[in-house]
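Accompanying notes for the structure given below.
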Amino acid sequence: MQTFEYAPGLVPPRAKTTDGDDPLHGELLKLNMGPQHPATHGVLRIKVELDGETIVRIEPEVGYLHRGKEKTCESLGWRKFFVHTDRLDYVQPLMNNIGYALALEALGGVKVPERAQIIRVLLCEMSRIGSHLIYLATTGIDLGAITMFFFCFKQRETLYELLDAYTGHRMNNTYVRIGGVYADVDERVQDAIEAWIDQFPAAVDEFEKMLTGNRIWYDRNYRIGAITKEEALAWSLNGPNLRGAGVELDLRKAQPYSGYERYEFEVAVGTVGDCYDRYLVRVEEMRQSARIVKQALKLLKETKGAEFLAEDRRYVLPPKDLVRSSMEELIHQFKIVTDMALPKGCAYHGIESSKGELGFFVASDGTSTPLRCHIRAPGLMNVQAIPMVSMGRLFSDMVSLIGSLDFVMGEVDR
Amino acid sequence: MVIVKRKELSLLERLYVPEIARGLSITFRKMFEKKITRQYPEEPLPKTEVTRGQPRLVVKDDGNIACVSCGLCEAACPAYAITIDGGETDRPIEREPKRFDIDMLRCILCGFCEEACPKDAIFMSDELELADYSREMLVYDMEKLKRPAAAMRKRIEYVHKINDRWRSAPRPPMLADQHGAHGHAPSASTAGSHASSPTAAAQKPHAG
């Protein structure tokens, strides 16, 4: 197979055909994949030029789902933007909530209680499992493994029921607040999570049994779209895509937040960096996440009854029983809801989301509305890598490449 | 660090035919497992007190709503769904809403209004289905939003538990008019100690 160097705007030289039957008369076939193509996982449009079945020029076009989230934050204010973070990467809303909350806490200097941190870790890892399940399910169905879709969505359904039992919603939970979480995880939910996580590793084994040695899955992923260490770093890839290429970088280990240093888990790293490695890394991460969830549940039992929301009257709503009885607390309630201001300055906090480093940069001028809120979406970097990995490959490889890079357009376009 | 193990396919796996048989055996086993499909519209989904449905105004046992039209839910709403016009009233709470509209098409069920309300007037119900023939009919006015407290008792108790941060102190009987006939909010002196104040508020109607 001939390979081409990627250079935007440059059509690689091509041998003139003398074959009279060629209906294209030696021209390249221009093809639009998306923005409504089911395999693009959202409204992503990819302009492809094909020589036969080989991709010679490719240009992803983002922006079809642009809703102006960052600008909305500037007009909505600090507190209300939490509901918008849910809708960035909508397969892991709680993780986005936590990322935003951590950035605001860094800016405001809020100390998060221990139990809140444990709950956050629990929610983060459950979100990570949910997101990786979506990856397996959708990539599976794109490559013809319809069974995977049902197996993964069965597990995901249980996961979403657990989140429903805790937050009251399946998606768009909005249950994280500055200084902690909105509600405590009660015993009933803890037991349900425990029952689910106990059977989960067996389910992951079953996924692996279905896919790892499956010849169709193997042929469509093995040595497809290999990314070297240098390329991955140059394109600022993060998360499983970078770890699949053999770089051990996990923000949970590299710069632990929310007490991740207390948990025992391993960082899964690949060797070749192809679609197959990225798949194996994600499967291993699901197992490690299950380990963390178990440890977090144990810690939750130990810290039963501890506070889960900081007692900080600058940013955290006072308990309602005090609001009903004390004028001082009532004033705090009004002040925080209507114009809560964060101190002048700026802060950045990155967390290890299921797709890479999810970072929030917030800048405040000391008023109740942000000066700037920038979201470092890992999905955007993953979309950027599409041309690099798919140049010179067959068009049918595009499906497994897009699936294995794993992005959600809600976050990419924001 | 754990380096993931790449698998090389064995001859049997390469041949593919035995693998088809193995796959089908899994499929057959799955046929006898418990079915998890839910026939949603025919079988309604289970609703608990945790379910965050559409917001509703709670009608207390004396037939009134607790809202004093302070506008805090309006300020807390990230979707700008709530519109309130306040006015005076002869009732002890002195102010009440003349107009309280929630645009259900804008509402995202986040529960910020419930969290913000200082008078325990608005709560998220377990009603989730929303369909009508025009946009105007989906802008709910006060009459459409009212729900008797008895129907939402479990949710109210659950939210009190969250918003009081799971304290064990006795809570005010929210279903009755807690301020009694005297019409004064518990003063600062009764609120001196946190644990005793809800009890004081609870005893007030009986004392009056």
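List of remarks:
- Options A:TYR182, A:ASN241, A:ILE129, ranked by Cα towards positive dipole end of chain A, top entry (Cβ charges): A:TYR182
- Considering only Cα atoms, the convex hull volume of chain A works out to 140 Å³ per residue.
- Computed P(r) (all Cα pairs; the stretch A:334-413; 5 Å bins; percent): 3, 13, 17, 15, 13, 12, 9, 6, 5, 4, 3, 1, 0
- In the protein assembly as shown, taking the dipole from charged Cβ atoms about the Cα centre, the farthest positive-side position among B:ILE162, B:MET152, B:VAL17 is held by B:ILE162.
- Three-way shape label, the stretch B:108-156, alpha-carbon gyration tensor, a/c 1.5: prolate
- Couplings for the stretch B:125-139, taken from phi via the Karplus curve 6.51 cos²θ - 1.76 cosθ + 1.60 with θ = phi - 60°, read 7, 9, 7, 10, 6, 9, 7, 7, 8, 8, 5, 4, 5, 8, 8 Hz in order; Gly and Pro are left as x.
- Against the empirical curve 2.2 N^0.38 Å, the C-alpha radius of gyration of the stretch B:52-107 lands at a ratio of 1.18.
- Sites matching GluC sites (Glu not before Pro) across the stretch B:18-67 that sit in DSSP coil, with at most 12 neighbouring C-beta atoms within 10 Å: B:GLU33, B:GLU42
- When every Cα-Cα distance of the stretch A:190-297 is counted in 10 angstrom steps from zero, the calculated P(r) takes the values 14, 38, 33, 14, 1 percent.
- Residue-averaged [θ]222 nm for chain A, counting only DSSP H segments that reach four residues, each worth -39500 (n - 2.57): -15500 deg cm²/dmol
- Calculated FRET efficiency for the pair A:GLU194/A:ASP219, C-beta based, R₀ 41 Å, to 0.05: 0.55
- The amide H of A:ARG372, built 1.01 Å from its N in the peptide plane, has A:ALA363 as neighbours under 5 Å, considering only residues 5 or more places off or on other chains.
- What the phi angles of the stretch A:64-71 give under the Karplus curve with 6.51, -1.76 and 1.60, with θ = phi - 60°, is a coupling list of 6, 10, 5, 10, x, 5, 5, 6 Hz, glycine and proline written as x.
- Among A:TYR90, B:TYR133, the sequence by solvent-accessible area, most first, with a 1.4 Å probe is B:TYR133, A:TYR90.
- For the protein assembly as shown, DSSP calls about 90 percent of its internal beta bridges antiparallel.
- Take every DSSP beta bridge whose two residues both sit in the stretch B:55-166; close to 80 percent of them are antiparallel.
- Among the chymotrypsin sites (Phe, Trp or Tyr not before Pro) in the stretch B:2-62, those placed in a DSSP loop whose Cβ has at most 16 other Cβ atoms within 10 Å are B:TYR16, B:PHE32.
- Global geometry of the stretch B:55-166, whether rounded, prolate or oblate, following the gyration tensor of its Cα atoms and the 1.5 cut on a/c: rounded
- Listed residue (A:ILE119, A:GLN92, A:SER396) projecting farthest to the positive dipole end of chain A, Cβ model: A:ILE119
- Anisotropy class of the stretch A:281-414 from Cα gyration tensor, a/c 1.5 cut: oblate
- Beyond 30 Å in Cα-Cα separation lie the following of the pairs A:LYS80/A:LYS320; A:LYS30/A:LYS229; A:LYS301/B:LYS161; A:LYS298/A:LYS355: A:LYS30/A:LYS229.
- For the stretch A:144-149, backbone phi angles converted through the Karplus equation (6.51, -1.76, 1.60; θ = phi - 60°) give residue-by-residue couplings of x, 8, 5, 4, 4, 4 Hz, Gly and Pro being listed as x.
- In loop segments of the stretch A:171-258 as defined by DSSP, the trypsin sites (Lys or Arg not before Pro) with at most 14 further C-beta atoms inside 10 Å of their C-beta are A:ARG223.
- Spin-label model distance (nm) - B:THR48 vs A:GLU187, 7 Å beyond Cα toward Cβ: 1.4
The values are calculated or read from the model by the stated rules, or taken from the named source; none is laboratory data. The structure displayed is predicted, hence computed values, not measured ones. As a convention, Cβ positions derive from the backbone with ideal geometry for all residues, glycine included, and neighbour counts pool all protein chains shown. Note: accessible area is taken over every heavy atom of the protein model, side chains too, but ligands, DNA and RNA are not part of it. Shrake-Rupley method; radii C 1.70, N 1.55, O 1.52, S 1.80 Å.
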